[in-house]
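**Student:** Supplied in structure tokens, the structure appears directly below.
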Amino acid sequence: MRWPVTKSKLLRATTRAPAVGYTRAVEQSCLSLLDACNKFSKLTQLHSRIIKSGLQNNRLVLTKFAATASALCAIDYASTFIFLPESDPYLYDVFLFNTVIRAYAQTSDLKSKALCNYNLMLRCSVLPNKYTYPFVLKACAGIGDLRLGKSIHGSVLKLGFHDDLYVQNTMVHMYWGNSDGVELARKVFDEMPKFDSVSWTVMISGYARLGMSHDAIGLFREMQIAGVCADEITMVSVLSACTDLGALELGKWVEFYIGKQRIQKKVELWNALIDMYAKCGDIDKAIELFRSMNDRSIVSWTSVIVGLAMHGRGIEAVALFEEMVGSGVVPDDVVFIGLLSACSHSGLVEKGKQYFDFMRTFGLVPKIEHCGCMVDLLCRAGLVKEAFEFIQDMPIEPNPVVWRTLVNACGAQGLMKLGEKISRQLIKNQPLHESNYVLLSNIYAKMLNWGKKTNVREVMDKKGMRKIPGSTMIELDNQIYEFVAGDRSHEQCEEMYQMVEEMGRKIKNAGYLPATSEVMLDINDEDKEDALYHHSEKLAIAFALLNTPPETPIRIVKNLRVCKDCHAAIKLISKVYNREIVMRDRNRFHLFKDGFCSCRDFW
DNA sequence: GTAGGGTTAG
């Protein structure tokens, strides 16, 4: 930092009276001008005025200057003015540092500067107070440096601020900032003598953000038992957990609860509700909510556009985007990701290309995610060679995600040599990333080259890697059930497998041919068929057929993309059993009805 | 004179 303060210098500074070259009236007028300042240009004028009046050594003025600047998002400007190497440390009090640290902690990419100023504060021998730590911990949460967090935790304990609820809550939040901090977050939370709604929300949102949605919901139930009232921010996190689980019934109950508890519906909560409905399969309800909103943010529009994209309703997504632009909302880069993925899921290749170029009209430079969407768009449309050329001409360095999209398409389109070459390169670059090996081994399986496929699997085993197991969730009577392939853990296991057998027989009569090439194992065809029948989605559907009245729609959520065979089988199941089956997979929704799927086999 | 938790993305 700028200057180390020696003890003698500090002593001199604190005992010396401030230089007075101005009157109380000048000081007061400057303070009220700063108070009223609402533009950066005015602030720069005030800056010169402060210097002219000799107020640059006035502590009150400097502090107010920092507060005004931070309200105008110009804290960098303020701090270069305030923290001059030749300044007397006496000028800096804890309130000034708090103002500066807060401003940096609130700005997403300047959080490390908050910590620099905290260090400067300590070096100036200014003692932090209980207001300082929530800011410091917030900055630390954003950086996610666990070691740093622990050391700040130590300081908090030493200074005795650990009894303060604000400090405790931000401490828990800080530990959630690093994925290795979960245990510590839990520990601090468990040891807290008192909680308020913020304490619970920090924990619930922590679990929700890490995708530990069951835990998030569980904690929300505990919160209710503990008798703490949830507020609108709690509900946003609870809804986001419902969204992740695809738990529509639970989500509907949450909406009911919000109404019953008279929780204020701010735009963020509306958005969370829209997102929940869209991603839990009820896109029409999401649209209805969106239409009934008074003031929408860009997130509201994006949520509906993404929802439409996931439902394969690309044309409507495009129309909504046009409506958004027409109504004067300036698109951001996230909405373009949604829009491009809408084009991709609906095969709107030309539209997608146009929008990709259109981004620049709004001063947006395509990022790697947008390029990824374009590669996806071309690959899905079968234009693998064009996608390959696109990657080679991309202005940005392609990332592994982009390459993996291409390899996947190579496998599907029969470009085995290219797929093999790229996935080998991917493994070289990212030797610890499982999906690179899975892609290569799938390519070999499609080439029927079992020897090479086994080699890849052996390498994976040696490195202790495993493919993420596919699982399917289903919600029934407020319970969420999860199945994995070949699952035998459920109490209705026997009945379920009998039902799977029955389903197999009935759909075979209706013309189903097991797509045994989808099973990436070197076993005989009969075994392959068996493996297919026991995929988690089929088990979940069997479970639903057993436990719900006839004609009730079935909703399931798969964690990976649905395989070709299950897709074909579910189409026929929907016809034979006269059931509407809504399936969310990793990428999108499939609505199976009367033997057809809403994705028109395009996914 | 100052404080904490939340939403959209392949």
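**Student:** Please state the Cα pair-distance histogram of segment A:201-354 with 5 angstrom bins from zero: what percent is in each bin?
**Tutor:** Each 5 Å bin holds this share of Cα pairs: 2, 10, 18, 21, 18, 13, 10, 5, 3, 1, 0, 0.
**Student:** Based solely on its DSSP helices, what 222 nm [θ] is calculated for chain A when runs of n ≥ 4 H residues each add -39,500 (n - 2.57) and the sum is averaged over all residues, nearest 500 deg cm²/dmol?
**Tutor:** Roughly -19500 deg cm²/dmol at 222 nm, from the helical runs in chain A.
**Student:** I would also like to ask the following. Mind ranking A:502-508, A:212-218 by how tightly packed they are, going by the mean number of other C-beta atoms within 10 angstrom, highest first?
**Tutor:** The packing order, highest mean first, is A:212-218, A:502-508.
**Student:** Go ahead and collect, in residue order, the members of segment A:63-106 whose backbone nitrogen is under 18 Å from a label point 7 Å along the Cα-Cβ direction of residue A:164.
**Tutor:** Under cut-off, by backbone N: A:93-106.
**Student:** Over the C-alpha atoms of segment A:384-451, what are the Rg and the largest Cα-to-Cα span, Dmax, in Å?
**Tutor:** 11.7, 39
**Student:** Would you please state which residues of segment A:388-421 a label at residue A:459 would reach in this model, taking the label point 7 Å out along Cα→Cβ and a backbone N cut-off of under 13 Å?
**Tutor:** It comes to A:420-421, nothing else.
**Student:** Let's test the formula: R0 of 25 Å, r as the Cβ-Cβ distance of residue A:59 and residue A:147. What FRET efficiency results, to the nearest 0.05?
**Tutor:** With R0 = 25 Å, the Cβ-Cβ based efficiency is 0.15.
**Student:** Return the equivalent ellipsoid semi-axes of segment A:341-473 as a descending list in whole Å, where each equals the square root of 5 times an eigenvalue of the C-alpha gyration tensor.
**Tutor:** With the √(5λ) rule applied to segment A:341-473, the semi-axes are 30, 15, 14 Å.
**Student:** Work out the FRET efficiency for residue A:416 and residue A:24 from their Cβ-Cβ distance, taking R0 = 56 Å, and round it to the nearest 0.05.
**Tutor:** According to the calculation, E is roughly 0.10.
**Student:** Here's something else I'd like to know. Modelling each spin label as a point 7 Å along the Cα-to-Cβ direction, I'd like the residue A:80/residue A:399 distance in nm, to one decimal.
**Tutor:** So the two model labels end up 3.1 nm from each other.
**Student:** Given the pairs A:130/A:266; A:467/A:558; A:252/A:467; A:138/A:187, which are separated by over 23 angstrom at their Cα positions?
**Tutor:** In this structure, A:130/A:266; A:252/A:467 exceed 23 Å between Cα atoms.
**Student:** A further question on this structure: Sorted by average packing, counted as other Cβ atoms within 10 angstrom per residue and highest first, what order do A:92-100, A:280-288, A:262-270 take?
**Tutor:** Most protected by this proxy first, the peptides run A:92-100, A:280-288, A:262-270.
**Student:** Give the calculated FRET efficiency between residue A:119 and residue A:73 to the nearest 0.05, with a Förster radius of 22 Å applied to their Cβ-Cβ distance.
**Tutor:** Between residue A:119 and residue A:73 the formula returns 0.45.
**Student:** Return the inverse of the average 1/r over all pairs of distinct C-alpha atoms in segment A:406-555, which is the Kirkwood hydrodynamic radius, in Å to one decimal.
**Tutor:** Answer for segment A:406-555: a Kirkwood hydrodynamic radius of 17.5 Å.
**Student:** What full-extension length gain, to one decimal in nm, is calculated for residue A:295 and residue A:214 as 0.36 nm per residue of separation minus the Cα-Cα distance?
**Tutor:** 26.0 nm
**Student:** Of A:201, A:548, how do they rank once you tally other Cβ atoms within 10 Å and put the fewest first?
**Tutor:** With the fewest neighbours first, A:201, A:548 line up as A:548, A:201.
**Student:** Can you compute the radius of gyration and Dmax for segment A:206-294, using only the Cα atoms, both in Å?
**Tutor:** Calculated on Cα positions, Rg and Dmax stand at 12.3, 36 Å.
**Student:** Here's another thing I want to ask about it. Could you order the peptides A:240-246, A:382-388, A:536-542, A:402-408 from most to least packed, using the average number of other C-beta atoms within 10 Å per residue?
**Tutor:** Top of the packing list down: A:536-542, A:240-246, A:402-408, A:382-388.
**Student:** Divide the volume of the convex hull of the Cα atoms of segment A:528-603 by its number of residues and quote the answer in cubic angstrom per residue.
**Tutor:** Hull volume normalised by residue count: 79 Å³.
**Student:** Please grab the % of Cα pairs in segment A:149-223 that end up more than 14 Å from each other.
**Tutor:** When every Cα pair of segment A:149-223 is considered, 58 percent fall beyond 14 Å.
**Student:** Quick one: compute a quarter of the convex hull surface over the Cα atoms of segment A:56-172 and quote it in nm².
**Tutor:** Computing the convex hull of the Cα atoms and averaging its projections yields 6.9 nm².
**Student:** Compute the semi-axes of the equivalent ellipsoid of chain A, taking the square root of 5 times each eigenvalue of the Cα gyration tensor, and list them largest first in whole Å.
**Tutor:** That gives 54, 28, 25 Å for the three semi-axes.
**Student:** Please give the contour-minus-distance gain from residue A:261 to residue A:488: 0.36 nm per residue of separation, less the Cα-Cα distance, rounded to one decimal in nm.
**Tutor:** Extra length available between residue A:261 and residue A:488 comes to 77.6 nm.
**Student:** Quickly work out the residue A:187-to-residue A:369 label distance, labels modelled 7 Å from Cα along the C-beta direction, and quote it in nm with one decimal.
**Tutor:** 3.5
**Student:** While we're on this one: Give me the Å³ per residue figure for the convex hull around the C-alpha atoms of segment A:94-158.
**Tutor:** Each residue corresponds to 69 Å³ of Cα convex hull volume.
**Student:** Any idea what % of Cα-Cα pairs in segment A:434-483 are farther than 12 Å?
**Tutor:** 68
**Student:** According to the square roots a ≥ b ≥ c of the eigenvalues of the Cα gyration tensor, what is the shape class of segment A:310-413, taking rounded for a/c under 1.5, prolate for a/b larger than b/c otherwise, and oblate for the remainder?
**Tutor:** Oblate, because a/c is 1.5 or more while a/b does not exceed b/c.
Each value in this text was obtained by applying a stated rule to the coordinates, not by laboratory testing. Only a predicted model underlies this, so the values are computations on that prediction, with no experimental measurement involved. Every residue, glycine as well, gets a Cβ built from its backbone with ideal geometry; the counts of neighbours run over all protein chains shown.
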